[in-house]
Amino acid sequence: MGAQISYDFGRDVVQNFGETPKPGMPAAIMEEVGAVKLLLERFAGLLEHHTPWSGWRECTHLFRGKVDPEEADATLAGKGFGWLTLHDNGRLHGEYMGIPKGAARAYHLIPRGVSKGLAVAIDRERRGFARENAVAIGDAFADLELAAEVGVFVMVCDALADDPPLAERARAMDNVLVTDRPQNLGWADTLSLIAKQA
């Protein structure tokens with residue numbers, strides 16, 4: 001989600017922990033101060049850890065469920081955790097026993113001041129790339145912020161087909177393109193097109 005940018009197979013890591021209030025890894029601090037417990041209790045039956053991917057995380061907590069991120073942020077701020085925000089990371093496919101039937105979503109709990117867009121800006125500056133020379137590919141609400149940092153942002157088509165609010169927001173942006181094919185095929189088509197232009 002943008003808290004760590006790795007180079008040279010992890011030998012060089014740039015960290016941006018945003019508004020994390022003290023030294024240490026953000027995920028551990030969120031747990032330690034009670035922010036994770038607060039959300040799970042406040043949204044019991046609507047939010048749970050997105051296992052197995054939620055295990056052993058350093059910078060974010062990963063959840064699944066059906067919650068309003070703005071309401072979650074207000075809950076956090078009301079208990080002194082305004083340095084955190086819950087990011088919608090897109091629709092999930094499948095049913096989960098711990099939450100109501102129907103489309104669930106993935107969420108990342110992250111420190112404010114951490115984002116994919118800022119990570120791309122940091123990376124572009126480090127590499128000396130202009131915005132217009134950068135391309136990003138994504139499939140979720142949290143990815144749309146990349147559009148402001150690149151010349152072209154590509155959204156895989158199935159993400160929009162499954163998520164009307166995401167489709168509406170993406171179509172309102174002037175540098176967003178949509179792939180013809182879904183998921184990994186859309187990614188591959190985009191990379192193939194870039195390679196042909198190089």
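The values are calculated or read from the model by the stated rules, or taken from the named source; none is laboratory data. Predicted model only: the values in this text are computed from it and were never measured. With ideal geometry, Cβ positions are generated from the backbone for all residues, glycine too; neighbour counts draw on all protein chains shown.
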> In this structure, does A44 turn out to be modelled with pLDDT of 95 or more, farther than 17 Å from A142 by Cβ, in the same structural domain as K101 (by TED's automatic domain parsing) and in a helix (DSSP H, G or I)?
Replying inline: no
> Any idea how many residues of the stretch 56-90 are in contact (Cβ under 8 Å) with a residue 12 or more places away in the chain, surrounded by fewer than 16 Cβ atoms within 10 Å (Cβ to Cβ) and out of contact with any strand residue (DSSP E or B) (no Cβ under 8 Å at 6 or more places or on another chain)?
Replying inline: 2
> If T51 passes every condition in (1) touching a Gly at 6+ places or on another chain (Cβ under 7 Å); (2) assigned to a loop (DSSP other than H, G, I, E, B); (3) within 13 Å of A106 (Cα to Cα) but one, which one does it miss?
Replying inline: (1)
> loosely packed, with under 14 Cβ neighbours inside 10 Å, out of contact with any Ser or Thr (no Cβ under 7 Å at 6 or more places or on another chain), in a loop (DSSP other than H, G, I, E, B) and β-branched (V, I, T), is that true of T20?
Replying inline: no
> Consider A119 against the criteria (1) closer than 26 Å to M30 by Cα; (2) in contact with a Leu (Cβ under 6 Å, 6 or more places away or on another chain): it satisfies all of them except one. Which criterion is unmet?
Replying inline: (2)
